[in-house]
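The values are calculated or read from the model by the stated rules, or taken from the named source; none is laboratory data. Small disclaimer: the values here were computed from a predicted structure and weren't measured. Because the Cβ atoms are built from the backbone with ideal geometry, glycine has one as well, and the counts that use them run over all protein chains shown. Just so you know, the surface numbers come from the protein's heavy atoms only, side chains and all, with ligands and any DNA or RNA stripped out. Shrake-Rupley method; radii C 1.70, N 1.55, O 1.52, S 1.80 Å.
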Amino acid sequence: MKQEYFELGQIVNHFGIKGMVKVNPFTDDISQFEELESILVEKNGKLLDIQIEEVKYSKNQIILKLKGIDTVEEAEKYRGCYIKIARKNARKLPEDTYFIADLLGLSVYTDEDILLGKVDIYNSGANDIYVIKSEDGKQILLPGIGEVIKQIDLEQEKIIVHLIKGLV
């Protein structure tokens, strides 16, 4: 089942005195915040649609001025809240590129059709790390590179990998 919303980041603090919020991004391309007119903020189990008035950057974080949040005190109320976007509003991905949310939990098989387990994914900066967890609790860490990740089939909910000598 495809996720209806994607998490783009988390509000971690206020910024300045005019109610701006500091966001840790969960996306590779933080410039996409500039293309958004509004975001969904998850607060108390509800999604609030809030317009973006301004986007700035500070180190690896995004600074947002959100409509209706004009003081430090108001901004503080959103600390810890997650920022989401509807799938239909997400950027279209290039071919052979996938949203991590769509890959989580897929079954991972070797190119010799041996089931390794289910996948979780972490971003290490240079490339994604595919963490395959077997039913007996063992983990295999695989780099998200073409030599290892051979095929991703979302319809069959499976990933086929090639285990390079020395990886496992």
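Selection among Leu103, Pro143, Asn24 by position relative to the dipole of the chain gives Asn24 as farthest towards the positive end (Cβ unit charges, Cα centre). When the chain is treated as a GNM with alpha-carbon contacts under 10 Å, the residue of Tyr98, Tyr78, Tyr130 showing the greatest mean-square fluctuation is Tyr98. Taking square-rooted eigenvalues a ≥ b ≥ c of the alpha carbon gyration tensor, is region 1-95 rounded, prolate or oblate, where a/c under 1.5 means rounded and, failing that, a/b exceeding b/c means prolate? Judged from the Cα gyration tensor, region 1-95 comes out prolate (a/c at least 1.5, a/b above b/c). In region 1-28, whose amide N lies under 19 Å from the spot 7 Å out along Cα-to-Cβ of Lys59? List them in ranges. Of the residues in region 1-28, 9-17, 20-28 have backbone N under 19 Å from the label point off Lys59.
On a per residue basis, the chain carries 63 Å² of accessible surface, using protein heavy atoms and a 1.4 Å probe. Looking at region 31-168, the DSSP beta bridges with both ends there are about 90 percent antiparallel.
Within the accessible surface of the chain, defined with a 1.4 Å probe on protein heavy atoms only, the carbon and sulfur portion equals 48 percent.
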